[in-house]
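The values are calculated or read from the model by the stated rules, or taken from the named source; none is laboratory data. The structure displayed is predicted, hence computed values, not measured ones. Ideal geometry is used to build each Cβ from the backbone, glycine not excepted, and the neighbour counts take in all protein chains shown. Calculation scope for accessible area: heavy atoms of the full protein, side chains included, ligands and nucleic acids excluded. Shrake-Rupley method; radii C 1.70, N 1.55, O 1.52, S 1.80 Å.
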Amino acid sequence: MDRGLRPTDVRPLRGPPPGAARVTDLHLVRPAPLDVSLLDADERRRAAALRRPADRELYAAAHTALRRHLGAYLGVAPAAVELTRLPCPLCAGPHGRPAVAGGAGPHFSLSHTDGLALLAFADRPVGADIEKLPAPGAVADVAASLHPQERAELAALPASDRPLAFARCWTRKEACLKGTGEGLAGDGLASLLVGTGLAPRDVPGWTVKDVTVPEGYAAAVSTADPDSAASSPTRPSASSVRQHK
């Protein structure tokens with residue numbers, strides 16, 4: 001993983017040969033002086049809509065790095081990379097996982113939080129998430145949305161240990177749900193069990209790993225297993241699909 005990756009730090013990336021083991025490439029991106037020259041019109045609008053200059057700089061740096069890496073995979077100029085959204089697995093709307101238009105190139109995932117962004121590239125569906133550790137009060141507010149067993153695990157910990165345990169759980173969970181394209185719209189927060197401990201729990205059809213990041217942050221990546229046809233680590237219920245519509 002490139003901890004100090006700048007938007008210009010791109011190395012040629014080659015996909016695995018047919019039948020090769022999964023390849024997951026991770027890159028950490030930090031803010032850089034604002035440069036939107038390689039971004040498309042939609043990305044520029046999104047960057048301009050962010051209120052804090054630091055957020056605009058990180059967004060532009062992360063999306064520039066994404067385009068440079070995808071361009072290296074595809075052998076095209078970064079600005080020429082065309083991005084799209086796959087259908088949502090819950091409602092079939094055009095807001096599922098981001099992808100390269102036309103199905104070319106690797107699978108990828110991008111996540112950003114306060115001061116850092118994480119990029120993941122793989123030869124199969126992948127999701128990544130990075131978060132700054134929350135304040136103890138925020139843990140208490142959001143923990144109610146987790147799986148009952150995860151709530152119990154957090155409640156058994158000293159209050160000082162809960163922010164890191166919660167962040168581990170949240171990033172694992174969101175990485176899985178980003179990998180499927182479901183995101184936070186369904187019931188995956190409550191139904192998907194990834195655990196709050198030092199190692200993620202097994203998720204059928206997916207390999208979930210914690211990612212080493214600077215102190216004060218937590219991150220995880222989830223990659224679809226090569227022999228699994230599962231499109232989601234949880235089966236969305238009819239009620240969750242109705243709610244999403």
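Observations on the model:
- Just one of the listed residues (Ala65, Ala101) is more than 20 Å from Leu193 (Cα to Cα), open to solvent by less than 60 Å² (accessible area, probe 1.4 Å) and at pLDDT below 95, and it is Ala101.
- Among the candidates Ala156, Ala185, residue that is over 24 Å from Ala54 (Cβ atoms), touching a residue at least 24 places away in the same chain (Cβ under 8 Å) and not hydroxyl-bearing (Ser, Thr, Tyr): Ala185
- Whichever residue in the range 36-50 is more than 13 Å from Ala79 (Cα to Cα) and of a type outside the set (A, V, I, L, M) and, among such residues, is nearest to the chain's Cα centre (by Cα): Arg46
- Those residues of the range 99-112 which are part of a strand (DSSP E or B) and in contact with a helix residue (DSSP H, G or I) (Cβ under 9 Å, 6 or more places away or on another chain), in sequence order: Val100, His107, Phe108, Ser109, Leu110, Ser111, His112
- All of (1) loosely packed, with under 14 Cβ neighbours inside 10 Å; (2) modelled with pLDDT under 95 hold for Arg85 with one exception: (1).
- Helices (runs of 4 or more DSSP H) contained entirely in the range 131-245, each with at least 2 residues that are of a type in the set (A, V, I, L, M, F, W, C) and either more than 27 Å from Leu26 (Cα to Cα) or at pLDDT 95 or above (or both): 136-142, 148-155, 162-180, 238-244
- Filtered residues of the range 33-54 (kept if open to solvent by 40 Å² or more (accessible area, probe 1.4 Å) and in contact (Cβ under 8 Å) with a residue 40 or more places away in the chain): Ser37, Asp40, Ala54
- Subset tally (residues that are part of a helix (DSSP H, G or I), open to solvent by 40 Å² or more (accessible area, probe 1.4 Å) and of a type outside the set (Gly, Ala, Ser)) for the range 68-82: 3
- Summed over the range 133-179, the residues that are touching a strand residue (DSSP E or B) at 6+ places or on another chain (Cβ under 6 Å) and open to solvent by less than 20 Å² (accessible area, probe 1.4 Å) give a count of 6.
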